[in-house]
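The block underneath contains the structure these notes are about, expressed in structure tokens.
No lab work stands behind these numbers, since they all come straight from the coordinates. These figures come from a predicted structure and were not determined experimentally. Reconstructed Cβ throughout: ideal geometry from the backbone, glycine too, with neighbour counts over all protein chains shown.
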Amino acid sequence: MGRRGRRPKPQRPVRVVVTLSLDPVRDGDLVEMLTRAPSGTRAALVKAALRGADLRAFLPVPEEEAIEAALDRLGESFDADV
Amino acid sequence: MIAIGIDPGFGNFKIADASGRVAVIPSTVGVGEIAPALETGLGRRRREASRLPEAVRLGNLTYLAGEVERYARPADRLDMDRFGGGPEMEALLLAAAFRLLGEGEFEAAAAVGLPVHVLRAPDAAETVSSVRRWLVGEHRGEVNGRSFALRIRAVRVLAQPLGAFFAWGLDGSGRWARPSTDFKARVAVIDVGFNTLDIFAVEAGEVIQRFTQGGTVGVRRAAERLADLMRAQRGWAPSLREADAWLRGNGEEEIGRQALETAASEIVTFCEQALGDTAPLLRAVLLTGGGIAFAPIRERLMRRFPNAVVPADPVTANALGLARFAARLIRERKDGPAGTEA
């Protein structure tokens with residue numbers, strides 16, 4: 001019987017543990033971003049931030065904004081803008 | 001700039017603004033004039049109370065729009081081409097907008113509702129384009145001897161029943177005003193017009209195609225049935241318009257009730273087939289359109305769909321909701337590029 005599961009990578013990953021001590025006021029934006037990041041995406045968010053990416057894509061869309069966007073799409077169901 | 005909703009129905013042409021004002025005018029136009037003796041001294045309110053048509057002067061011709069039967073031969077246009085404009089539709093638009101806004105010059109963003117089956121037809125894109133070509137720009141004329149102009153800056157074409165959904169859920173600025181759970185839930189709209197019956201279902205801002213259907217099983221069936229019954233019983237058959245008007249005034253009479261029950265059965269059957277087994281899963285079934293004003297049709301639908309919601313005025317609910325959506329177009333224009341301007 002063959003080997004099951006994901007094949008191991010040729011190199012072992014380098015595990016880096018960084019402990020952040022964040023000021024709730026001065027670093028409030030970072031606290032919010034890290035605590036609101038969906039489960040399992042925090043490490044990807046930090047890696048993207050280190051590479052200078054736009055981090056808004058990692059954040060869940062507030063409900064009101066999601067409804068607004070859905071209403072716009074609904075209004076375009078039969079009539080794309082000219 | 002004002003936000004207006006336009007619901008150009010086969011029975012009535014409805015127009016509303018986002019503040020909740022509405023105007024309704026029968027979708028009937030004829031060429032002619034009202035005798036000056038009848039017209040003199042009549043203000044807007046007196047004119048409406050007297051059910052006089054609006055006299056719309058376009059170029060060299062005067063059209064009568066609205067309650068024209070007593071003054072001119074009405075030109076009924078129940079074909080789909082009418083949505084592209086033409087002098088009759090232009091006269092109706094000016095007459096309805098004048099009833100809503102009064103004398104003056106106005107700028108507007110407009111949301112227009114078309115029947116579902118028109119928007120699902122193979123030539124729907126062409127129809128939408130022709131509606132845009134007609135509406136975007138200036139509409140100027142003389143109504144009852146007074147100058148009137150409506151400059152429409154942005155237009156969005158929507159399915160008519162979406163108007164009822166927006167009337168149910170949006171506030172005057174076009175923002176969602178109900179709990180977010182209502183937005184996420186599955187909601188259906190049953191829109192009974194004179195010539196059309198539209199079923200529409202929405203869930204979390206998505207149209208559910210499976211439960212969205214349009215047909216031509218409207219109040220017209222009751223009018224046709226009434227004409228048949230009258231021909232058989234009284235030896236005289238009214239026109240469809242006359243039959244519709246007669247039903248609105250005499251629907252409780254046996255012959256009227258019989259005609260309406262026939263139409264109600266067909267309408268309920270169509271709705272049952274369209275909504276199928278999703279009915280118990282619906283948060284609300286919004287009943288809208290002129291057909292809902294008839295008790296036999298409304299009551300049969302309410303018995304079949306216990307979660308039915310009837311708006312305060314089902315005749316104008318679509319126009320009102322479309323106007324609230326048009327308020328979003330004005331916000332878009334303020335916030336950034338709208339992309340809807342011609």
Pull up the cross-link candidates among the aspartates and glutamates for A:Lys47, meaning alpha carbon to alpha carbon under 19 Å and not fewer than 8 places away within one chain. A:Asp27, A:Asp29, A:Glu32
What average number of partner chain Cβ atoms lie no more than 10 Å from the Cβ of the residues making up B:174-185? 2
Can you compute the charge dipole magnitude of the protein assembly as shown about its Cα centre, using +1 on each Lys and Arg Cβ and -1 on each Asp and Glu Cβ, nothing else charged? Give it in debye, rounded to the nearest 20. 1800 debye
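Taking the mean number of other Cβ atoms within 10 Å as a proxy for protection, how do you rank A:3-11, B:315-323 from highest to lowest?
Peptide ranking by packing, descending: B:315-323, A:3-11.
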Could you work out, residue by residue across B:201-207, how many beta carbons of other chains sit within 10 Å of that residue's beta carbon, and then give the average as an integer? 4
If you take each beta carbon of peptide A:65-75 and count the beta carbons of other chains within 10 angstrom, what is the mean? 6
Quick one: 3J(HN,Hα) in Hz for segment B:60-71, Karplus 6.51/-1.76/1.60 with θ = phi - 60°, rounded, Gly and Pro as x. 8, 9, 10, 9, 9, 10, x, 7, 9, 3, 7, 10
For segment B:220-314: span of alpha carbons on each principal axis (Å, largest first): 48, 27, 19
When the Kirkwood radius is taken over all Cα pairs of segment B:106-220, what Stokes-Einstein diffusion coefficient follows at 25 °C and 0.890 mPa s, in µm²/s? 154 µm²/s
What fraction of the DSSP beta bridges in segment B:101-173 is antiparallel, stated in percent and rounded to the nearest 5? 40 percent
Tell me whether the protein assembly as shown comes out rounded, prolate or oblate; compute the Cα gyration tensor, take square roots of the eigenvalues as a ≥ b ≥ c, and use a/c under 1.5 as the rounded threshold. prolate
Tell me the mean residue ellipticity at 222 nm calculated for the protein assembly as shown from its helices only (DSSP H runs of n ≥ 4, each -39500 (n - 2.57), averaged over every residue, nearest 500). -11500 deg cm²/dmol
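What is the ratio of the Cα radius of gyration of segment B:174-287 to 2.2 N^0.38 Å, where N is its residue count, to two decimals?
With N residues counted in segment B:174-287, Rg over 2.2 N^0.38 Å equals 1.31.
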